[in-house]
Amino acid sequence: MCGLLGLLTAGADAADRTGPISDALRCMRHRGPDESGTWNDADAVFGFNRLSIIDVEHSHQPLSYADGRYTIVFNGEIYNYLELRAELAENHGATFATEGDTEAIVAAYHHWGPAAVSRLRGMFAFLIWDAQERVLFCARDPFGIKPLYVATGPVGTAFASEKKCLVELLGELGLTADLDPVALQHYLTLQYAPEPGSLHRAIRRVESGTHVTVRPGAEPDVERYFTPSFHAGAGTGPALHARIAATLRDSVAKHMRADVTVGAFLSGGIDSTAIAALAKEHNPDLITFTTGFEREGYSEVDVAAESAAAIGVRHVVRTVKPDEMMDALPLIVWYLDDPVADPALVPLWFIAREARRHVKVVLSGEGADELFGGYTIYREPLSLAPFERVPGALRGLLGRASARLPEGMRGKDLLRRGSLPMERRYYGNARIFRDDQLAGVLRRYDPRRSHTDVTAAHYAESAGWDPVARMQHVDLFTWLRGDILVKADKMTMANSLELRVPFLDPEVFALASGLPRSEKVTGTDRSGTTKYALRRALEGIVPAHVLNRRKLGFPVPIRHWLRDEMYGWARDIVRDSQADHLVDLAAVSRMIDAHREGPIDHSRRIWTLLVFLIWHGIFVEDRIRPEIPEPAYPVVL
C-alpha cells in the first residue's frame, strides 16, 4: 500500500522533470512513509512512496524486471501472488529477485501481456513502463479499491495515487486548475464527484476495471477489462450458503497474507463482525477497532464490544466529540483531494489514527452490501410494486400531487418516487439535493444536467435484469467507488494504514453475482431482511446478537450538532468563504438557521455544502491551510 506518481513526456527529456516529480511526491508522504524513490529514462519518470507490508526488506520501488526492460510502480496488494509466482516459474521459467507481489505483477505482464490484469486477485493501481516497446501500461482493480488519477497536457500524461500531486504538476503539463461546474453539480446531488471526473476539469480518474496504454506524445487508450454482471444462477438454500461461507473464508485467509501485524475494524454489524471472526482463525491475537459518539442512538460501541468478547479478540474503542470533528475537518478534506460529504469518514479517520498505533494493516467489511443486497433501499422495488400497475398518465398525476404537499410531510417522498421509473428515481444511496432544489443554491445550475448523466449507461448495461440487481449494478459504479471506497482508502492512508476488503474479491463476487433476489432481500416492511443468503451463511461464524441485526454503520449525529455545538462553526465557514460566485452563501446561511429552528432536517445538505466550502478554501482560495503532520506512529503493545 503506497503512493505512486508517473509522467510520460511528449518528446521532452524526462530527466528534466525529476525535480517536480520529487516535490509532488511530498504531497502524499502519508501513503508511504517507509521509503521513497524515483527513476527515469528519456521518456518516463516515476516516483514512489512505500508503506512496506510484504517482503519488507526487499521489493523496493520503482522496481525493474527483465534486465531493465520493465519498470513498475504499484499501489495495493495482490493476494494470490504466491500462486502466480509459482505458475509463472513452472510454466514460463520466470525467475524472481524478490519475495513480493510487485514482481509477480510485472512478470505476469511480461508473459501474458494486458491479459495478466484479469489474473490478479487483489486491489491495485500500477504503472509499467516497457523501455523496449516505449509504451506505458496502467491498470486499476475491478472495483476501484485503489485510486488512480490522470492528467494529459501538451507536455505529456501524468498518473498519481492522489490528485493533489497532479494539481502541483498541472503547470508542468501545460494545464490550468479550472473547477469543473458539472462535477460540482453532481457532487451536490450525490455527495461525491462521480468517476471518471473530478472537481478539477483537467484531472480525471482511471476508472475501476480498466487498463490504459500510452505512448509518448499520444492520447491514452483506455480499455475496460471487467464489467460486473448480476444474473441469477447460484442456486438457493443450504448448499449455496455453505459455498458462500467457504468462499469468504478463503478470501479472508488470502487477505491475511502480510509480513506485518493485521487487525480489523469492527462495528456492530454483520459484515465487519464476519471478517473479524474469520480473521481470528488465522491470528489468535487479533486486535479490533471501533468508534462511536457519546449520544444515544449514534454509537455501536456497546454492540461491537459484545461482539469482540464473543469472538475473543482484544478490542480498542475511540470516542469522537463534536469539537474534534470541527477541528479535524479541514485536514480531512485536504486528505480527500475532492470533497466527499459522507459524515462517517470523520470518525473513520479518528479510528484509523488509533489503529495505526497498534497495527499496520486492517481488514474491513466494505462491499458486502453492494454484493449481497444489504441496503434497505434494495427492498424498494418490492414496496413500490403497486405503482408499477398504475397507468403512466396517472403516475404523472401522483408525482405532481406530491410536489404540492408540504416539505417533510409523511408520504410525500413515497408518492414522488412511486411516480418515477427506476432509471430516474434511483441513483445510489446518497440523495442530497434534488434537481428542483439545486437551482436555489447553485449559482451555475444547469437544468440540462442530471444524475441520469451518471447512471444512464449503467442502466442500459443492465436492461432486462431483476430490479434489485440493477440497483446493485448502479451502486458498484457510483456509490461504492465514489463514496465507500474513497473514504476507506483516503482516511486509512492518511494515517499510513493499509485497509483490505475481503468481500471485494473476484471469487466472492463470482458467487454473489449469481444470487436470486430471494437470497438477497425479503419483505417490504420491518419484518423483511437484507443479505438473506449471507446471514444464513454466517450462522455459527458471527455471534447470534449480530446475525439479524439491522444495518447501522457509523452514524454521525450532525443533525443534532448543527442545531447546537456546530451551529456557530457552520455559520463562520459560510461567512468566511469566497465561493459566492459558485454557491449562494446567503441561501446556505438561511438553510443553517432553518435547520436550527426545525422541524425540517437540512443537515445532510448543509454538511455537503460545508465540506465543499472548506475544499474551496483549501484548493482554490489557498485561504485554509491545514497543518499536515509528518507520519509518526508510536506503537502501543
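The values are calculated or read from the model by the stated rules, or taken from the named source; none is laboratory data. None of the values given here were measured: they were computed from a predicted structure. Ideal geometry is used to build each Cβ from the backbone, glycine not excepted, and the neighbour counts take in all protein chains shown.
Is the stretch 474-488 home to any residue that is closer than 19 Å to residue 210 by Cβ, acidic (Asp, Glu) and within 10 Å of the chain's Cα centre (by Cα)?
no
Scan the helices (runs of 4 or more DSSP H) fully inside the stretch 429-510 and keep the ones with 1 or more residues being in contact with a strand residue (DSSP E or B) (Cβ under 8 Å, 6 or more places away or on another chain).
485-493
Is there a residue in the stretch 50-58 that is in contact with a strand residue (DSSP E or B) (Cβ under 9 Å, 6 or more places away or on another chain), part of a strand (DSSP E or B) and closer than 23 Å to residue 256 by Cα?
Yes, the stretch 50-58 contains at least one residue that is in contact with a strand residue (DSSP E or B) (Cβ under 9 Å, 6 or more places away or on another chain), part of a strand (DSSP E or B) and closer than 23 Å to residue 256 by Cα.
Among the candidates 141, 130, single out the residue that is of a type in the set (Asp, Glu), within 15 Å of residue 72 (Cα to Cα) and in contact (Cβ under 8 Å) with a residue 40 or more places away in the chain.
The match here is 130.
Conditions (1) surrounded by 17 or more Cβ atoms within 10 Å (Cβ to Cβ); (2) in a loop (DSSP other than H, G, I, E, B), marked per residue:
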{"position": "229", "(1), (2)": "no, yes"}
{"position": "247", "(1), (2)": "yes, no"}
{"position": "250", "(1), (2)": "no, no"}
{"position": "254", "(1), (2)": "yes, no"}
{"position": "257", "(1), (2)": "yes, yes"}
{"position": "260", "(1), (2)": "no, yes"}
{"position": "268", "(1), (2)": "yes, yes"}
{"position": "273", "(1), (2)": "yes, no"}
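Quick check on my filter: what residues within the stretch 510-549 are basic (Lys, Arg) and surrounded by fewer than 20 Cβ atoms within 10 Å (Cβ to Cβ)?
Within the stretch 510-549, 517, 526, 536, 549 qualify.
Is one or more of the residues making up the stretch 355-370 surrounded by fewer than 18 Cβ atoms within 10 Å (Cβ to Cβ), within 15 Å of residue 268 (Cα to Cα) and assigned by TED's automatic domain parsing to the domain that holds residue 534?
Checking the stretch 355-370: not a single residue is surrounded by fewer than 18 Cβ atoms within 10 Å (Cβ to Cβ), within 15 Å of residue 268 (Cα to Cα) and assigned by TED's automatic domain parsing to the domain that holds residue 534.
Quick check on this structure: which one of 100, 113 is surrounded by fewer than 17 Cβ atoms within 10 Å (Cβ to Cβ) and either under 30 Å from residue 487 (Cβ atoms) or over 22 Å from the mean Cα position of the chain (by Cα) (or both)?
Residue meeting the stated conditions: 113.
Among the residues in the stretch 513-531, are any among the aliphatic types (A, V, I, L, M), at pLDDT below 95 and within 26 Å of the chain's Cα centre (by Cα)?
Scanning the stretch 513-531 turns up at least one residue that is among the aliphatic types (A, V, I, L, M), at pLDDT below 95 and within 26 Å of the chain's Cα centre (by Cα).
Taking the condition assigned to a loop (DSSP other than H, G, I, E, B) and either modelled with pLDDT of 80 or more or touching a helix residue (DSSP H, G or I) at 6+ places or on another chain (Cβ under 9 Å) (or both), does residue 406 pass?
The answer is yes for residue 406.
Does residue 127 meet the test of being part of a helix (DSSP H, G or I) and either of a type outside the set (Val, Ile, Thr) or under 24 Å from residue 362 (Cβ atoms) (or both)?
Spelling it out, it is not the case that residue 127 is part of a helix (DSSP H, G or I) and either of a type outside the set (Val, Ile, Thr) or under 24 Å from residue 362 (Cβ atoms) (or both).
In the list 136, 170, 184, 179, which residue meets the criterion of being of a type in the set (A, V, I, L, M), under 23 Å from residue 50 (Cα atoms) and in contact (Cβ under 8 Å) with a residue 12 or more places away in the chain?
136
Which of the residues spanning the stretch 77-98 are in contact with a helix residue (DSSP H, G or I) (Cβ under 6 Å, 6 or more places away or on another chain), under 23 Å from residue 32 (Cβ atoms) and assigned to a loop (DSSP other than H, G, I, E, B)?
Of everything in the stretch 77-98, those that are in contact with a helix residue (DSSP H, G or I) (Cβ under 6 Å, 6 or more places away or on another chain), under 23 Å from residue 32 (Cβ atoms) and assigned to a loop (DSSP other than H, G, I, E, B) turn out to be 79, 96.
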